[in-house]
Every structure is written in structure tokens, then in C-alpha cells.
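Asker: I have a structure I would like to understand better, so I am pasting it below and will then ask my questions one at a time.
The values are calculated or read from the model by the stated rules, or taken from the named source; none is laboratory data. Only a predicted model underlies this, so the values are computations on that prediction, with no experimental measurement involved. As a convention, Cβ positions derive from the backbone with ideal geometry for all residues, glycine included, and neighbour counts pool all protein chains shown. The area values use the complete protein model at the heavy-atom level, side chains included, leaving out ligands, DNA and RNA. Shrake-Rupley method; radii C 1.70, N 1.55, O 1.52, S 1.80 Å.
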Amino acid sequence: MKNINYKFWNLIVIVKDNNILLINRNKGDFFGLVPPGGKIQFPETFEESAKREVLEETGLTLNNLQLEGLSGYINEKKGEQFIYIDYYSDDFSGVLKREGEEGECDWYPISEFENLDIHPDIKTRIRNILENNSYEYQIFWDEDTNSPSGKKIITGEKMK
């Protein structure tokens, strides 16, 4: 059996006064508006990692998180699976750090969400969070074409 390389990441949708916090990302191979988040570092828990990433990228301290969904990329040829733990929070404290290592942080009106420059796959995840849908969203990656070969999303009403 082939060795599989699993990588764990998180994404945190933070909302305040009908605005969503996004970072205009300026590093790596991905640019555009994204919610805070990043790699889960061993031996952190998923929640510890989400809180650390938000503090590092935005200066805000999360007081409470809600698990919203799971998403990821599967690359069979390379034997990789990226797994994202996706959260929501409207319970935080601190002063927003506008300029950070990842890019510029700012609040954007949720009413303008569909018009924002956000990668379509990230937009799908955020939309489900904002619409109060739990979800599992998987993207199957074709290494030869360097693009998705398929997508699968399962959504459902959140259990309270």
C-alpha cells in the first residue's frame, strides 16, 4: 500500500456586525481574499491551532469556536490528502491588526460577499458557513493537469 501524506489545516470565518473578516493574502502561491487560518502544528489540537492562527494573523483572541465543516483536497497520484477543519466565530476580543505577515486584514459587508474576489472553493465553504449549513466538501486533484478533476459536497442542516 502506498504511503499517504496527510496535512491538516484550518479556516475560521469571523463575523461582527454583519461583516466578515478577510485577509487580502499576499504570500505563497495563493493570492486574494481569504479568512484567517493555516496549518495545524503537531501536537496542537484543532481548536488550539485555529485560535493561534487567528491571533497571529489578526491580533484577535477567539473566545469561542463552532465547528462548521470539513473540506479538503485529495491527490491520488501524489498520495496526498489535505484536510481542512472549518470554523465560525462571532465571539472574540482584542484589537484588529490591519497589516500582518499574511496580508491586510479588514471587515467586508456580508451583503457584498458574492461580489468579493474569493477563490470559488473557499467561497463555497464560506457560503455554507454563513447559510448555517454543515458540510463536507472534497476536491479531487489531477496532478497531470494541475487542476480539479472533480468535486463532491454533502450539506445538511446543522444539529443544535
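Asker: Within region 95-160, considering only strands (runs of 3 or more DSSP E) that don't extend past its boundaries, which have at least 1 residues that are more than 19 Å from Ile83 (Cα to Cα) and open to solvent by 70 Å² or more (accessible area, probe 1.4 Å)? Spell out the reasoning first.
Answerer: Working: elements: 103-109, 133-142, 147-157.
Answer list for region 95-160: 103-109, 147-157.
Asker: Could I ask something else about it? Can you name every residue in region 25-37 that is closer than 17 Å to Glu99 by Cβ, assigned to a strand (DSSP E or B) and modelled with pLDDT of 95 or more?
Answerer: Hits for region 25-37 are Leu33, Val34.
Asker: Across region 47-80, what is the number of residues that are open to solvent by 20 Å² or more (accessible area, probe 1.4 Å) and assigned to a strand (DSSP E or B)?
Answerer: Here is the first cut: in region 47-80, the residues open to solvent by 20 Å² or more (accessible area, probe 1.4 Å) are 47-48, 51-52, 55-56, 59, 61, 63-67, 70, 73-74, 76-78, 80.
Within this subset, residues satisfying the condition of being assigned to a strand (DSSP E or B) are 61, 63-67, 70, 73-74, 80.
Looking only at that region, the number is 10.
Asker: If I ask for residues that are open to solvent by 20 Å² or more (accessible area, probe 1.4 Å) and in contact with an Asp or Glu (Cβ under 6 Å, 6 or more places away or on another chain), which ones from region 1-14 would you list?
Answerer: Asn5
Asker: If you don't mind, there's one more thing I want to ask. Give me the residue from region 38-47 that is more than 15 Å from the chain's Cα centre (by Cα) and not β-branched (Val, Ile, Thr) and, out of that set, modelled with the lowest pLDDT. I'd like the intermediate steps shown before the answer.
Answerer: Going through region 38-47, the residues more than 15 Å from the chain's Cα centre (by Cα) turn out to be 41-45.
Remaining after also requiring not β-branched (Val, Ile, Thr): 41-44.
Details: Gln41: 96, Phe42: 93, Pro43: 96, Glu44: 96.
Among those residues, the one meeting the criterion is Phe42.
Asker: Examine region 61-69 for a residue that is without any contact (Cβ under 8 Å) to a residue 24 or more places away in the chain, within 16 Å of Lys152 (Cα to Cα) and not hydrophobic (A, V, I, L, M, F, W, C), and state whether such a residue exists.
Answerer: Initial filter on region 61-69 (without any contact (Cβ under 8 Å) to a residue 24 or more places away in the chain): 66-67.
Adding the requirement that they be within 16 Å of Lys152 (Cα to Cα) leaves none.
There is no residue in region 61-69 that is without any contact (Cβ under 8 Å) to a residue 24 or more places away in the chain, within 16 Å of Lys152 (Cα to Cα) and not hydrophobic (A, V, I, L, M, F, W, C).
Asker: Which numbered condition trips up Phe42, out of (1) in contact (Cβ under 8 Å) with a residue 40 or more places away in the chain; (2) open to solvent by 60 Å² or more (accessible area, probe 1.4 Å)?
Answerer: (1)
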